[in-house]
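Remarks on the structure that follows.
The values are calculated or read from the model by the stated rules, or taken from the named source; none is laboratory data. Just so it is clear, the model here is predicted, and its values are computed rather than measured. Using ideal geometry, Cβ is built from the backbone for each residue, glycine included, and neighbour counts are taken over all protein chains shown. SASA here: full protein model, heavy atoms, side chains in, ligands and nucleic acids out. Shrake-Rupley method; radii C 1.70, N 1.55, O 1.52, S 1.80 Å.
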Amino acid sequence: ERPIDTLAILPLVNASGDANLEYLSDGITDSLINNLSQLLQLRVMARGTVFSYKGKEVDPRKVGEELKVRAVFTGRMVQRGDTLTIQADLVNASDGSQIWGDRYTRKLTDAQAILEEISRQISEKLRLKLSGVEQQRVTKRQTENSEAYQLYLKGHYHSKQFSTDGLKSGIEYLNHAVELDPTYALAHAGLSSSYYDASNFIFPPDEAMPKVKAAAQRAIELDDTIAEAHVSLAIFRERYELNRVEAAKEFRRALELAPNFARAQLYYGLHLIEEGRMDEAIAAMTRARDL
């Protein structure tokens, strides 16, 4: 049987009855998408696409049809005190049958361990043949500091609101995360993206863009395999330094690491328009839209 090569990870349902925990359900969803988007043989729907289903009752077969994917992941999360329970299900979108399901009950401080296990199980159950490097990347733990991880999830959640308050709060949480763990590459990468999204909107570019560069470079120094950091650095090189040659290098590295990262395809498409390479630009933009 051939591997399933297209997947939609639907937003985890926060069944805790506490809206303040949305950062956790959304953050775990985002982390799963980011982990599995690194696999060359799997096309994972981007955050912007799957979050349109948030808060809705969904039929995985209908989602499969609408998004043209062969598998759909759904999950429910309950946090009580310092205990986190996640029910995870992977469904074959063609007939609605369950491919895999499991229930995890751990301490909140073990949230990353649950994430690693779910990522591994999904790649195995879809029968993906992963290289050693891919296996490592899918289950890689970015920080051993559970408080920094919670702050990263909060920062990511608030930044993705794309509002003045959201970006300010997001940047605050992410800065706190890297203060607690200065080696937390993913938090530096998130900070870089958030500063770019806030540039010319909350902060003047002369204030925000050097921070985009500094955070992206720090992330890359710590871990060269984070595509998000390479995209931020590429955007900085192109739009602030006006250096398309260096920007192209960073875009190529990002897409080599994560060809299914929609933000990378989108900004690379804009770069190609600037270069006058219209056919390639349309291909990149189409890929971004399909994701």
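So which of L90, L40, L32 is within 19 Å of Y157 (Cβ to Cβ) and among the aliphatic types (A, V, I, L, M)?
L32
Could you say which residue among Y196, Y184, Y268 is over 21 Å from S37 (Cα atoms) and either touching a strand residue (DSSP E or B) at 6+ places or on another chain (Cβ under 6 Å) or aromatic (F, W, Y) (or both)?
Testing whether each residue is over 21 Å from S37 (Cα atoms) and either touching a strand residue (DSSP E or B) at 6+ places or on another chain (Cβ under 6 Å) or aromatic (F, W, Y) (or both) leaves just Y196.
If you take the residues of segment 262-274 that are open to solvent by 50 Å² or more (accessible area, probe 1.4 Å) and modelled with pLDDT of 95 or more, which of them is farthest from E238 (Cα to Cα)?
Per the stated criteria, the residue is L266.
Of these, T225, T183, which one is touching a helix residue (DSSP H, G or I) at 6+ places or on another chain (Cβ under 9 Å), of a type in the set (V, I, T), within 30 Å of K68 (Cβ to Cβ) and open to solvent by 10 Å² or more (accessible area, probe 1.4 Å)?
Details: T183 fails: within 30 Å of K68 (Cβ to Cβ).
Residue meeting the stated conditions: T225.
I'd like to verify a number: residues in segment 15-40 that are among the aliphatic types (A, V, I, L, M) and either in a loop (DSSP other than H, G, I, E, B) or out of contact with any strand residue (DSSP E or B) (no Cβ under 8 Å at 6 or more places or on another chain) (or both), how many?
4
Scanning for something open to solvent by less than 10 Å² (accessible area, probe 1.4 Å), modelled with pLDDT of 95 or more, closer than 21 Å to T6 by Cα and under 22 Å from the mean Cα position of the chain (by Cα), does segment 230-252 turn up at least one residue?
No, segment 230-252 contains no residue that is open to solvent by less than 10 Å² (accessible area, probe 1.4 Å), modelled with pLDDT of 95 or more, closer than 21 Å to T6 by Cα and under 22 Å from the mean Cα position of the chain (by Cα).
Assigned to a helix (DSSP H, G or I) and open to solvent by less than 50 Å² (accessible area, probe 1.4 Å), is that true of D89?
Judged against the criteria, D89 is not a match.
Being over 23 Å from E256 (Cβ atoms) and open to solvent by less than 30 Å² (accessible area, probe 1.4 Å): is that true of V138 here?
no
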